[in-house]
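Readers should treat all values here as calculations from the given coordinates under stated rules, not as data from a laboratory. Keep in mind the model is a prediction, meaning the values are calculated, not measured. Glycine also receives a Cβ, built like all others from the backbone with ideal geometry; neighbour counts cover every protein chain displayed.
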Amino acid sequence: MGPVALAIHGGCGVMAKLDLSEEEWAAARVDLRRSLEAGWAILSAGGSALDAVQVAVIVMEDSPHFNAGYGAALNAAGYHELDASIMDGQTQTGGAVAGSRHIRNPIRAARLVMERGEAVLLAGHAADDYAKAGGLEVVPNSHFTTERRVKALAAMKEHEKQGTAAKASESEKHG
Amino acid sequence: TVGAVALDAAGHLAAATSTGGYNNKPEGRVGDSPIIGAGTYARDGVCAVSGTGKGEFFILHAVGHEVASRVAYLGESLEQASSKIIIDEFQPRSIGAGLVAVDAKGNIAAPYNTDGMFRGWVTPEGKFFVGTHD
């Protein structure tokens, strides 16, 4: 058996401009650690890289501290459109969903698309329908909304009115 | 955006990425995360890549595939290949970006050209690292 390794990211940006409290920074680091531990548990037990990356991403999708799943950014119309993809290096197959509104964990839907092999990328309501028909959990779009994201969108709209969008903070732009 | 890359004991690589895009994005906008070869890519024997940053540029530069191609065809190390794009090409153009990648030997690269990146990894020796800023 060869070596195993795992790496994750939860987004990049101008961190100094993130309006996070010390508690929120600490909580984000805890969730990064949880993500690593989830993936590592699979790899160290001889599980697949594919399963490891999926569970690692799910932990972050379910965390409010990252821009994916619960806590994701809002679009200009005030709702969430979520994208995800997964790729298996062994088989050179991949699956993805774009613009999904209701799939609780979009990475699970990407995996489903990949494994069924009927398509590589499904978009919009078709992705939602495909996931639901495949037995994945679907939720109201409001499930993904956090107070931080609502405030960030309102701030960006105000910046647009004032013509100051370029001065928006990182958390207002990306979170 | 969040993402993960892994090498398993059987020598197989995988990558995954998930995102909400960015605040106030146009309806219907699709970034790089669901585009295989842009924000996500994996190829056994070479590397697995997951990106974060200005997605349109990850699409235009096919970043995930580009990193793998540099490793496979130019023989660059994972660190060289990923830094070539994120640091050498994107940073001078103020294209904020980062990625995590792992190669077939378990080497890990996590370059970014912003002030920081939420990131973490576990080495083949089982050592955990979590970071946010430089």
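Where helices (runs of 4 or more DSSP H) fall entirely within the stretch A:57-175, those with at least 1 residues that are within 7 Å of chain B (Cβ to nearest Cβ) and more than 18 Å from B:GLY3 (Cα to Cα) are at A:147-162, A:170-173.
Scanning the stretch B:64-113 for residues being of a type outside the set (A, V, I, L, M), more than 14 Å from the chain's Cα centre (by Cα) and more than 16 Å from B:ARG43 (Cα to Cα) gives a total of 6. Taking the criterion of being on the phi < 0 side of the Ramachandran plot and touching a Ser or Thr at 6+ places or on another chain (Cβ under 8 Å), the residues of the stretch B:43-80 that qualify are B:VAL49, B:SER50, B:GLY51, B:THR52, B:GLY55, B:GLY64, B:VAL67, B:VAL71. Considering each residue of the stretch A:17-25 in turn, none proves to be within 23 Å of B:ALA48 (Cβ to Cβ) and at the interface with chain B (Cβ under 8 Å from one of its Cβ atoms).
Applying a threshold of 6 Å to beta carbon distances and a minimum spacing of six or more residues, or different chains, the list of pairs starting in the stretch A:32-46 at a residue that is at the interface with chain B (Cβ under 7 Å from one of its Cβ atoms) and over 11 Å from B:VAL130 (Cα atoms) and ending at one that is aliphatic (A, V, I, L, M) and in a helix (DSSP H, G or I) reads A:GLY39/A:ALA52; A:GLY39/A:VAL55; A:GLY39/A:ALA56; A:LEU43/A:ALA52.
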